[in-house]
Amino acid sequence: MSKPAEGPIDRREFLKGAAALAPQAAGTQQQDDHLHHDHQIVPADIALRVKALESLLIEKGMVDPAALDAVVDAYERKIGPRNGARVVARAWSDSAYRRRLLADGTAAVAELGYGGSQAEHMVVLENTPKVHNLVVCTLCSCYPWPVLGLPPTWYKSAPYRSRAVIDPRGVLKEFGLELGEDVEIRVWDSTADVRYLVLPERPAGTDNLSEDELAALVTRDAMVGVANVLPPRKAGTA
Amino acid sequence: MNGIHDMGGMQDMGPIDYDPHEPVFHETWEGRAWALMRTTGGFGPARRRNFRYELEILPPADYLRMSYYERFFKTLVDRLLSGNAITQTELDSGHPDAGSPRATPPVTPAVVDAQLARRGSLRRDDVHVKPRFKIGQHVRARNMNPVGHTRLPRYVRARRGTIVRDHGVFNLQDTNADGYTLGPKPQHVYTVRFSARELWGDHVSVRDSVCADLWEDYLEHA
């Protein structure tokens with residue numbers, strides 16, 4: 001692998017250098033506009049390489065293309081943050097359920113039919129006016145798929161993974177959430193098999209809402225802890 | 001391994017790139033690569049390296065440059081090749097070698113839901129291991145720098161914390177330098193709370209803390 005230029009360079013320069021070298025390393029033509037883009041850079045031929053492997057594995061009888069369709073469909077339509085939102089709405093509406101959820105997240109989530117891969121050991125963290133919980137995986141991208149779906153890019157990215165533990169207040173500010181000094185922030189680094197879900201605070205003015213209406217207010221970001229749930233009037237922009 | 005993946009506490013990685021309308025898969029290939037990952041578990045080498053370790057040994061510049069799905073796709077291809085499930089010639093040509101055996105797909109649409117719902121826990125409810133630590137006890141994360149895979153992040157090593165939960169007995173995930181498990185070594189996993197000041201110094205909020213889930217082998221009495 002080629003090395004960046006000799007001499008002291010800072011990390012930003014190093015990252016830029018790595019990005020600039022990437023097209024050569026991958027043997028592909030990199031589009032200029034990608035270099036000015038904040039997203040991680042993907043060699044142009046990755047789509048072709050994935051397609052080639054898929055057709056090879058189909059021809060070899062190793063995969064069934066209809067099964068691939070079903071997996072994609074499951075993660076696009078069934079396994080997503082609407083599931084977690086139902087858990088939160090139930091907890092807001094039913095205090096006995098809320099107690100069970102906080103005592104044994106795995107069992108309480110299973111009551112609503114959610115569980116399986118990456119939710120084997122669920123712990124639910126309750127936000128209060130004095131305690132705000134934030135979930136991260138600094139080592140990889142551990143995330144409770146059955147209740148939140150696959151993690152968004154920012155959750156898996158170097159900026160979030162690196163800074164959530166050392167500067168949670170700065171990270172939350174970047175998400176537009178400024179918490180007072182009197183609020184305690186607890187960051188949960190998912191370093192083992194436990195997967196965390198934040199139970200956000202129920203917004204004011206929602207006493208008359210049904211469980212379905214409450215669920216509609218709950219966002220993925222609030223269940224990771226980078227946002228609060230907004231009252232109905234302000235929702236819709238989030 | 002003190003690799004680039006162990007990012008907790010690093011700075012200068014830039015702003016968080018937030019897209020409020022992000023789709024589950026940005027492009028078709030991401031979904032297909034993900035689906036291939038989830039349906040080819042039955043193929044590959046009989047003796048498996050830790051899959052996270054396979055991602056962690058990517059050269060640091062590549063690790064930072066590649067997207068999540070690209071990293072997974074690379075490890076999938078490497079796994080299929082090293083297990084002789086496919087050959088390099090097949091990968092290059094996109095077609096099966098002449099005379100290569102034809103398999104029957106193990107994952108059909110009918111079993112996808114069951115496959116995705118399958119629990120993959122390392123918890124060992126079958127063994128009884130006495131915990132060394134109790135909730136409320138002060139502990140110190142060991143100062144160790146293993147060359148294989150470990151789940152003890154650098155930023156907590158040699159720091160003092162308090163046990164706040166005991167999650168029961170789990171197999172240790174740590175590996176040797178080749179990525180193979182050091183053995184199941186069932187032991188308790190605890191949530192350990194570290195004050196932000198213990199980790200980062202006096203300029204951070206006295207109220208804040210970071211909790212990490214740590215295997216007993218990572219901890220000593222403080």
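No value in this document is a laboratory result; all are computed from the given coordinates. Note that the structure is a prediction, hence the values are computed from the model and not measured. Backbone-built Cβ (ideal geometry, glycine too); neighbour counts: all protein chains shown.
Some values worked out for this structure:
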quantity: Enclosed volume per residue, in Å³, of the convex hull spanned by Cα atoms of the protein assembly as shown; calculated: 158
quantity: For region A:80-224, size of Cβ-based charge dipole, Lys and Arg +1, Asp and Glu -1, in debye; calculated: 300
quantity: Ranking of A:MET62, B:MET144, B:MET13 by count of other Cβ atoms within 10 Å, fewest first; calculated: B:MET144, B:MET13, A:MET62
quantity: From the C-alpha gyration tensor of region A:80-224, square roots of 5λ in Å; calculated: 23, 19, 13
quantity: Under Karplus coefficients 6.51, -1.76 and 1.60, residue-wise ³J(HN,Hα) of region B:69-76 in Hz, glycine/proline x; calculated: 6, 5, 4, 4, 5, 4, 5, 5
quantity: Local electrostatic count, B:VAL129, Cβ distance below 13 Å [Lys/Arg +1, Asp/Glu -1]; calculated: 0
quantity: Ranked packing of A:99-108, B:34-43, most packed first, by mean Cβ within 10 Å; calculated: B:34-43, A:99-108
quantity: The protein assembly as shown: antiparallel DSSP beta bridges as a percent of all, rounded to 5; calculated: 55
quantity: Net dipole in debye of region B:28-117 [+1 Lys, Arg Cβ; -1 Asp, Glu Cβ; about Cα centre; nearest 20]; calculated: 260
quantity: Other protein chain Cβ atoms within 10 Å, averaged over every residue that makes up B:2-11; calculated: 6
quantity: Dipole in debye (nearest 20) - the protein assembly as shown, about Cα centre, beta carbon charges: Lys, Arg +1; Asp, Glu -1; calculated: 1380
quantity: Peptide-level mean, for B:212-220, of C-beta atoms on other protein chains within 10 Å; calculated: 3
quantity: In sequence order, calculated HN-Hα J values of region A:174-188 (Karplus, 6.51, -1.76, 1.60; Hz; x Gly/Pro); calculated: 5, 8, x, 10, 9, 9, x, 5, 7, 8, 8, 9, 10, 9, 10
quantity: Peptide-level mean, for B:70-83, of C-beta atoms on other protein chains within 10 Å; calculated: 2
quantity: When the convex hull of its Cα atoms is projected in every direction, mean area for region B:28-117 (nm²); calculated: 7.2
quantity: In degrees, nearest ten, helix B:28-39 long axis to first principal axis of chain B (Cα); calculated: 80
quantity: Cβ-Cβ FRET estimate between B:GLU198 and A:THR128, R0 fixed at 35 Å, reported to 0.05; calculated: 0.90
quantity: Mean projection area, nm², convex hull over Cα of chain B; calculated: 16.3
quantity: Residue-averaged 222 nm ellipticity for chain B, from DSSP H runs of 4+ at -39500 (n - 2.57), nearest 500; calculated: -7500 deg cm²/dmol
quantity: Radius 12 Å from Cβ of A:GLY84, net charge of other residues (Lys, Arg +1; Asp, Glu -1); calculated: +4
quantity: D (Stokes-Einstein, µm²/s), Kirkwood Cα radius, region B:111-218, 0.692 mPa s at 37 °C; calculated: 213
quantity: Protection proxy ranking, peptides B:163-172, B:90-99, average beta carbon neighbours within 10 Å, highest first; calculated: B:163-172, B:90-99
quantity: Two-site FRET efficiency, B:ARG142 against A:ALA204, from Cβ-Cβ distance with R₀ of 41 Å, rounded to 0.05; calculated: 0.35
